[in-house]
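Reading through the structure tokens given below for one structure.
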Amino acid sequence: MTTPDHPSPASQPPVPAGKDRIYRSPLGLAGGALLLLVVLWLGFDALFKGHGRTPWLALAGLILVVPLIVAFTLRPAVFANEERLRVRNPFRVISLPWGEVAGLRSGYTNEVLAKSGGKYQLWAIPVSLRARKKAARRQQRTAADAARGGTPGGRGGGLAPSGLGLGGFALRGPDTGPTRADTDKVMDDLRDLLDQHGTAEPAQGETGVRWAYEVMAPAAAGAVLLAILLATG
């Protein structure tokens with residue numbers, strides 16, 4: 001778990017004192033780190049061992065690609081405390097006091113809806129339809145077991161088709177997995193914070209949005225340099 005961010009007041013909307021709950025995508029972090037390693041390896045190899053225009057093309061490509069990889073994989077995070085929700089997306093940082101949050105919506109993506117009409121995607125909390133379907137099937141099995149008078153949450157000692165044992169059946173162990181997908185649990189936590197603090201006095205204020213120029217500027221510079229090199233080649 002990472003430590004809370006403490007941005008400078010001049011760079012983005014102020015964040016109140018207090019410990020933030022920080023939500024990030026472990027798969028996104030792992031995939032981003034691996035992709036960044038591969039890109040840097042190939043880029044530096046071309047930069048130092050290439051000939052002719054290759055080093056310049058490699059340099060322009062690195063300036064363009066590296067910020068984008070960081071923006072879409074390592075940068076996204078959601079910070080929540082008793083006063084506000086702060087969403088760090090690839091190109092923006094959105095600060096929403098709970099009093100300005102109209103709701104949190106989960107579909108194919110997870111989103112926060114502002115009372116001003118804005119809609120902001122939570123990049124750090126991606127939806128896994130596969131995990132959601134697995135959790136739903138597990139929840140249905142748990143409900144069916146409870147209706148039959150079995151042990152809620154499992155099939156301990158039950159018979160299940162497996163191709164083993166008498167008549168092709170074998171004992172199946174208890175189904176102890178979660179009945180909610182992990183990202184849906186995170187959204188439940190955020191909804192609880194909204195319910196608890198949405199009307200509190202410290203949680204009132206205006207929505208603040210800051211563009212991430214530290215990501216956009218180098219990526220734009222790399223794109224311009226790459227376009228010039230390709231046009232003059």
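The values are calculated or read from the model by the stated rules, or taken from the named source; none is laboratory data. Quick caveat: nothing in here was measured; it's all calculated off a predicted structure. Quick reminder, even Gly has a Cβ in these numbers, built from the backbone with ideal geometry, and neighbours come from all protein chains shown. Protein only, heavy atoms only, side chains kept; ligands, DNA and RNA dropped before computing areas. Shrake-Rupley method; radii C 1.70, N 1.55, O 1.52, S 1.80 Å.
Values for this structure:
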| read-out | value |
| --- | --- |
| Residues of the range 45-87 satisfying the condition of being among the polar types (S, T, N, Q) and closer than 16 Å to residue 28 by Cα | 73 |
| Selection within the range 22-74 - more than 30 Å from residue 185 (Cα to Cα), surrounded by 15 or more Cβ atoms within 10 Å (Cβ to Cβ) and aromatic (Phe, Trp, Tyr) | 56 |
| Subset of the range 201-233 (residues that are free of Cβ contacts under 8 Å to residues at least 12 places away in the same chain and under 20 Å from residue 101 (Cα atoms)) | 201 |
| Answer residue from the range 135-151, given it is at pLDDT below 70, open to solvent by 90 Å² or more (accessible area, probe 1.4 Å) and assigned to a helix (DSSP H, G or I) and is farthest from residue 185 (Cα to Cα) among those | 140 |
| Test: residue in the range 77-96 that is at pLDDT 95 or above, closer than 18 Å to residue 122 by Cβ, open to solvent by 40 Å² or more (accessible area, probe 1.4 Å) and not in a strand (DSSP E or B) | yes |
